[in-house]
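Remarks on the structure that follows.
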Amino acid sequence: MVIKFNIKRFLISIAIPLSVGGLSALLTKDNMNFYSKIVTPTFVPPGWLFPVVWTILYLLMGVSLYLVWSSEAGIYEKRRALVIFALQLLLNFIWSPIFFNMQWFLMAFIVLVLLWLFTFGMILSFYNISKIAGILQIPYLLWLTFAGYLNLAIYILN
């Protein structure tokens, strides 16, 4: 099966997760300075790594979104996958304000667990439509697992 490349659809697919991530970062940027004042667990990466990793993950999300959106899968299968994608992206968006702005570490962890579950569901639904789209989301799930460790440890330590 050959998918005809649609540049407009591709750019929209890339722009959606990048915009959501960018807006979330914009809403929390003034509240990130507290992070240096709290007790953090071991294995905390340097601060510059977070925006680099998230940019890569949002780009991978966009590519996966494009592959699913452009696939020849049935409308119900695509709709289901896109709804799960949208819900995980919403959870992704609200995590930062809950963690950084409100500093509700336990609530942020709960949101992160839900995000992990929806991301796992997204991977499965994407994989059923496009194996590549599903596989491209595995680094995201791994990063969320690591973020969960950091979030829970910060809750416990603070």
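Bear in mind that the values in this text are calculations on the coordinates, not laboratory data. All of these numbers come straight from a predicted model, not from anything done at the bench. Cβ atoms come from the backbone with ideal geometry, glycine included; neighbour counts cover every protein chain shown.
Structure values in brief
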quantity: Equivalent ellipsoid semi-axes - Cα gyration tensor, segment 14-73, angstrom; calculated: 30, 14, 8
quantity: Modelled FRET efficiency - R0 22 Å, residue 143 with residue 75, Cβ distances, 0.05 increments; calculated: 0.10
quantity: Estimated [θ] at 222 nm from DSSP helical runs (n ≥ 4, -39500 (n - 2.57)) normalised by residues in the chain, nearest 500; calculated: -25000 deg cm²/dmol
quantity: On Cα atoms only, tilt of 138-157 relative to the major axis of the chain in degrees; calculated: 20 degrees
quantity: Lysine pair count for the chain [Cα-Cα under 25 Å; pairs on different chains or 8 or more apart]; calculated: 6
quantity: Label-point separation in nm, residue 110 to residue 44, each point 7 Å along Cα→Cβ; calculated: 2.4 nm
quantity: Two-decimal Rg/Rh across the chain, once Rg and the Kirkwood Rh are taken from alpha-carbon atoms; calculated: 1.00
quantity: Residue order, fewest to most surrounding Cβ atoms within 10 angstrom, among 29, 37; calculated: 37, 29
quantity: Globularity ratio of segment 90-158, using Cα Rg and 2.2 N^0.38 Å; calculated: 1.20
quantity: Spacing of the two label points (7 Å from each Cα toward its C-beta) at residue 101 and residue 18, in nm; calculated: 2.4 nm
quantity: Residue-span extension gain [residue 26 to residue 5] - 0.36 nm each, minus C-alpha spacing; calculated: 4.4 nm
quantity: Cα centroid separation, segment 60-138 to segment 139-155 (Å); calculated: 15 Å
